[in-house]
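The values are calculated or read from the model by the stated rules, or taken from the named source; none is laboratory data. This structure is a prediction, so every number in the text was calculated from the model and none was measured. All Cβ positions, even for glycine, are placed from backbone atoms using ideal geometry, and neighbour counts span all protein chains on display. What goes into the accessible areas is simple: the full protein's heavy atoms, side chains included, and nothing from ligands, DNA or RNA. Shrake-Rupley method; radii C 1.70, N 1.55, O 1.52, S 1.80 Å.
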Amino acid sequence: MSKSLQAIRGMNDILPEQTPLWRYFEGTVARLLDNYGYRQIRMPIVEFTELFKRSIGEVTDIVEKEMYTFDDRNGDSLTLRPEGTAACVRAVLEHGITGGGQVQKLWYIGPMFRHERPQKGRYRQFHQIGLEVFNLEGPDIDAELIVMTWRLWGELGLRDAVKLELNSLGTSESRGRYREALVEFLSAHVDKLDEDSQRRLKSNPLRVLDTKHPETQAILVDAPKMADYLDDESRAHFEGLKARLDAVGIPYVINPKLVRGLDYYSKTVFEWVTDKLGAQGTVCAGGRYDGLVEQMGGKPTPGVGFAMGIERLVLMLEALDKVPEELARQVDVYLCAFGEAAELAALALSERVRDQLPNLRLQINAGAGSFKSQFKKADKSGALYALILGDDELAQQVVGFKPLRGQGEQQSIAWDALAAHLATCVVQG
Ligand code: ATP
Ligand code: MG
């Protein structure tokens, strides 16, 4: 196939075999967020490039090398969003919905775009569910975010497979003092640092803590620790968060090297990580960003949020065999009709049944093929029951009702009684 007729590398079709699992995952998260009082917001996929540069920071992996940026026909520089926080902050400011200290608990879902090397769990178009909370500054809300995700892992059967890592980056003042100490320490070892870290030492020194390079990691063992530089307020905030996690019984480990890739975090940062996906181990990540809204031109507004990668969580559900069995069956009842008159009757009958059982998953395959081939399709659909409507049934105003999963013989059901009968044997969601 010519290249222009193929999907772009790292951008995937999600095929019908996979969409039930996606919808199950997305539906589970949406219900949970609704239940905690979060409301959905939908932002555009494209924003002015400047928005991301200002919010994410110029010296971050995303802005330096991962953005899909292009000029539109007016000559404006636009970017396909690499993450959701920037656009969400832009939206709340533009609509004035956080003004006057108004609390907003918002969530969003959708595709994000980053020009990274595609591999398992890492794509150029990927999908996130994210949330952002504005105007709540206490550790109770940081805890709520983590508690909700913990509940989600419970509902999905993933609790044993994920681990919570926590750190505090302090306020920008304490982080500034820590940065100085770290730069001083690293500068004394600059010859032994890997090239990337040498570069970061100048541009974004905290990111050196993030290195995957073993020699640099060895040097970092003796580096100053952020925890020793935390101001009292940040320390109290962090203790408050930990106390709440302890109260709910959520295990965590403190990872002093957890700094996150983006500039805008302060105080709490956290990641849920797994060892089930190889190198792409972070499934959900977030933190507090009390300075961001102001930095983007708004009034000082505390904020905290996270984003989870849907592809990675779907991969995990598959790898750990946590795909609910009922997803394999997308059809409850399969109606086979034979002959023109029976076909018309089948359509009318199926609509009557749908009137009474709006949640019934009823597939109708009128007219196509022999009895044998229709029956095969009925069986393959995964349906629990087949309904048969041919000339004989038409004459008697009945349908043949045949269990397909070995629960009993075929019986004859009157049209008028069909919906009531189906209601007793198909459990409806
Ligand atoms: P990583 O360290 O894996 O590159 P990140 O720190 O860049 O992740 P965030 O910006 O925090 O990721 O995004 C939140 C979540 O979105 C990640 O934890 C991950 O689950 C998911 N994610 C990020 N980038 C990708 C990608 N290219 N493909 C698939 N999922 C991704
Ligand atoms: Mg990344």
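Taking K and R as +1 and D and E as -1, what net charge do the other residues with C-beta under 9 Å from the C-beta of Met316 add up to?
+2
With a point put 7 Å past each Cα toward its Cβ, work out how far Leu327 is from Gln396 in nm, to one decimal.
4.2 nm
Of Lys53, Lys3, which has the most accessible area and how do the rest follow, probe 1.4 Å?
Details: Lys53 75, Lys3 175 Å².
Listed by decreasing accessible area, they come as Lys3, Lys53.
Restricting to DSSP loop positions (anything but H, G, I, E, B) with no more than 10 other Cβ atoms inside 10 Å of their own Cβ, which trypsin sites (Lys or Arg not before Pro) remain in the range 61-130? Please report the intermediate quantities before stating the final value.
Values: sites: Lys65, Arg73, Arg90, Lys105, Arg114, Lys120, Arg122, Arg124; in loops: Arg73, Arg114, Lys120, Arg124.
Taking the range 61-130 and a limit of 10 other Cβ atoms within 10 Å, the loop trypsin sites (Lys or Arg not before Pro) found are Arg73.
Mean separation of Cα pairs under 8 Å and 6+ residues apart, divided by the residue count of the range 329-423: what relative contact order is that in percent?
Numbers: 161 pairs, mean separation 31.0, N = 95.
This gives 33 percent for the range 329-423.
Roughly to the nearest percent, how much of the accessible area of the chain is carbon and sulfur, given a 1.4 Å probe? Spell out each step's value before the answer.
Working: 10460 of 21130 Å².
Carbon and sulfur together cover 50 percent of it.
Place a +1 charge on the Cβ of each Lys and Arg in the range 329-423 and a -1 charge on the Cβ of each Asp and Glu, then give the dipole magnitude about the Cα centre in debye, rounded to the nearest 20.
On the way: 10 positive and 11 negative charges, 115 e Å.
Computed charge dipole of the range 329-423: roughly 560 debye.
Taking a threshold of 27 Å on the Cα-Cα distance, which of the pairs Lys120/Lys257; Lys242/Lys322; Lys53/Lys299; Lys105/Lys242; Lys163/Lys257 fall above it?
Working: Lys120/Lys257 25 Å; Lys242/Lys322 29 Å; Lys53/Lys299 20 Å; Lys105/Lys242 22 Å; Lys163/Lys257 15 Å.
Going by Cα-Cα distance, Lys242/Lys322 fall outside the 27 Å limit.
Using the crude model of +1 on Lys and Arg Cβ and -1 on Asp and Glu Cβ, and no other charge, please compute the dipole size for the chain relative to its Cα centre, in debye to 20.
For this selection, approximately 500 debye.
Using DSSP H assignments, which helices in the chain have an axial alpha-carbon span of 15 Å or above and a mean Kyte-Doolittle hydropathy of 0.0 or higher? Don't skip to the end; give the middle numbers.
Working: long enough: 19-35 (23 Å, -0.29); 139-156 (26 Å, 0.29); 172-187 (21 Å, -0.73); 232-248 (24 Å, -0.66); 340-356 (25 Å, -0.16); 415-425 (16 Å, 0.82).
Those that pass (Cα extent of 15 Å or more, hydropathy at least 0.0) are 139-156, 415-425.
What trypsin sites (Lys or Arg not before Pro) does the range 128-220 have in DSSP loop regions with at most 14 other beta carbons within 10 Å? Display every interim value, and only then the final one.
Details: sites: Arg151, Arg159, Lys163, Arg175, Arg177, Arg179, Lys192, Arg199, Arg200, Lys202, Arg207, Lys212; in loops: Lys212.
Here the sparse-neighbourhood loop sites are Lys212.
Using Cα springs under 10 Å in a Gaussian network model of the chain, which residue among Asp222, Asp290, Asp392 shows the largest mean-square fluctuation?
Between Asp222, Asp290, Asp392, it is Asp392 that shows the largest mean-square fluctuation.
Loop only by DSSP, 14 or fewer other Cβ within 10 Å of the Cβ. Give me the trypsin sites (Lys or Arg not before Pro) in the range 292-395 that pass, ordered by residue number.
On the way: sites: Arg312, Lys322, Arg329, Arg352, Arg354, Arg361, Lys372, Lys376, Lys377, Lys380; in loops: Lys322, Arg329, Arg361.
Counting only loop positions with at most 14 other Cβ atoms within 10 Å, the trypsin sites (Lys or Arg not before Pro) in the range 292-395 are Lys322, Arg329.
Give me the accessible area per residue for the chain, probe 1.4 Å, as a whole number in Å².
Values: 21130 Å² over 429 residues.
Ligands and nucleic acids excluded, the figure is 49 Å² per residue.
Would you kindly state the longest site-free stretch of the chain, with sites defined as GluC sites (Glu not before Pro) in a DSSP loop (not H, G, I, E, B) surrounded by at most 10 other Cβ atoms within 10 Å?
Values: sites that count: Glu17, Glu409.
Longest run free of exposed loop sites: 18-408.
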